[in-house]
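Below: the structure, in structure tokens.
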Amino acid sequence: MLLVACGATVNTVDQLAGGATIPVGVMFDADVTIARADVTVSWRVDNQSTKELIVPILVSHKGMAPEGNAYVVPAGDFIEIAERLFGWPDEVEEMAVAPSVGVLRVRPGTTESRTIRVPRPFKPYHPFGGGFDDGPPTLPSRPAGVVFCLGVVPEPYPPPLKLDTAKGVEFVAHGWDAQQHRFCTDPAALG
């Protein structure tokens with residue numbers, strides 16, 4: 001069994017997507033473990049700021065069950081395992097309803113963590129998957145590695161997120177990620 005672990009501690013302005021500057025006092029770390037059968041990601045957000053945060057997580061809501069524990073999308077030569085918001089892709093012209101995702105609140109002075117597993121071989125899973133003209137984005141056939149990205153949205157929550165609750169589960173709409181900060185691990189090599 002091949003095991004590779006990598007961690008990340010980041011508290012800088014997002015270099016990849018979105019535009020939100022994360023409040024001072026918010027720390028992120030993650031361990032990515034790669035095995036032949038799956039990839040396990042254990043992440044943690046420590047919120048010592050004065051603002052509440054929301055983190056997108058894949059949970060059943062509005063009578064819909066996610067296809068897995070995380071989104072699995074191409075990121076250049078890499079595969080991105082993601083729990084984050086996705087902007088509206090140029091290749092998706094029209095959908096009756098924007099896809100949505102559950103959220104986890106991280107209140108000031110608290111820490112939240114989660115462990116997710118993604119089976120190998122990887123199967124693409126994009127929130128707008130059914131809306132692409134040519135099908136969901138394909139993963140690289142020989143990926144250089146895998147990266148995990150977690151989206152964090154600080155208060156005040158912008159109205160386009162459409163924060164709502166159904167049967168006790170809070171969720172937001174994909175399609176608008178301008179207020180999201182994205183934490184990402186360093187790439188981990190696949191064996």
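Kindly indicate whether residue 185 is crowded, with 20+ Cβ neighbours inside 10 Å, polar (S, T, N, Q) and either under 30 Å from residue 26 (Cα atoms) or more than 12 Å from the chain's Cα centre (by Cα) (or both). So residue 185 fits the description; yes.
Per the conditions (1) modelled with pLDDT of 95 or more; (2) open to solvent by less than 50 Å² (accessible area, probe 1.4 Å); (3) more than 21 Å from residue 59 (Cβ to Cβ), the sole criterion not satisfied by residue 108 is (2). Residues in segment 23-60 that are free of Cβ contacts under 8 Å to residues at least 60 places away in the same chain and either under 22 Å from residue 169 (Cβ atoms) or of a type in the set (Val, Ile, Thr) (or both): 24, 33, 50, 57, 58. Scanning segment 139-163 for residues that are open to solvent by 40 Å² or more (accessible area, probe 1.4 Å) and free of Cβ contacts under 8 Å to residues at least 24 places away in the same chain yields a total of 5.
Which pairs have Cβ atoms under 7 Å, sit 6 or more apart or on different chains, and link a residue in segment 113-138 that is of a type in the set (A, V, I, L, M, F, W, C) to one that is outside any loop (DSSP other than H, G, I, E, B) and open to solvent by less than 80 Å² (accessible area, probe 1.4 Å)? Filtered contacts from segment 113-138: 116/41; 118/38; 118/39; 118/72; 118/81; 122/72; 122/79.
Considering only residues that are in a helix (DSSP H, G or I) and open to solvent by less than 30 Å² (accessible area, probe 1.4 Å), which ones fall in segment 118-133?
129, 131
With the condition kept exactly as written, say whether any residue in segment 86-105 is under 15 Å from the mean Cα position of the chain (by Cα), closer than 30 Å to residue 23 by Cα, of a type in the set (Lys, Arg) and crowded, with 16+ Cβ neighbours inside 10 Å. So far as segment 86-105 goes, no, none of its residues is under 15 Å from the mean Cα position of the chain (by Cα), closer than 30 Å to residue 23 by Cα, of a type in the set (Lys, Arg) and crowded, with 16+ Cβ neighbours inside 10 Å.
For every residue, the table says whether it meets (1) in contact with a Gly (Cβ under 6 Å, 6 or more places away or on another chain); (2) modelled with pLDDT of 50 or more; (3) among the basic types (Lys, Arg).
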residue	(1), (2), (3)
1	no, no, no
16	no, no, no
22	no, yes, no
25	no, yes, no
29	yes, yes, no
40	no, yes, no
57	yes, yes, no
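Of the set (1) open to solvent by 20 Å² or more (accessible area, probe 1.4 Å); (2) β-branched (Val, Ile, Thr); (3) assigned to a strand (DSSP E or B); (4) over 18 Å from residue 66 (Cα atoms), all apply to residue 115 but (4).
The values are calculated or read from the model by the stated rules, or taken from the named source; none is laboratory data. Remember, predicted model here, so these are calculated numbers, not experimental data. Note that we place each Cβ from the backbone using ideal geometry, even for glycine, and neighbour counts take in every protein chain shown. Protein only, heavy atoms only, side chains kept; ligands, DNA and RNA dropped before computing areas. Shrake-Rupley method; radii C 1.70, N 1.55, O 1.52, S 1.80 Å.
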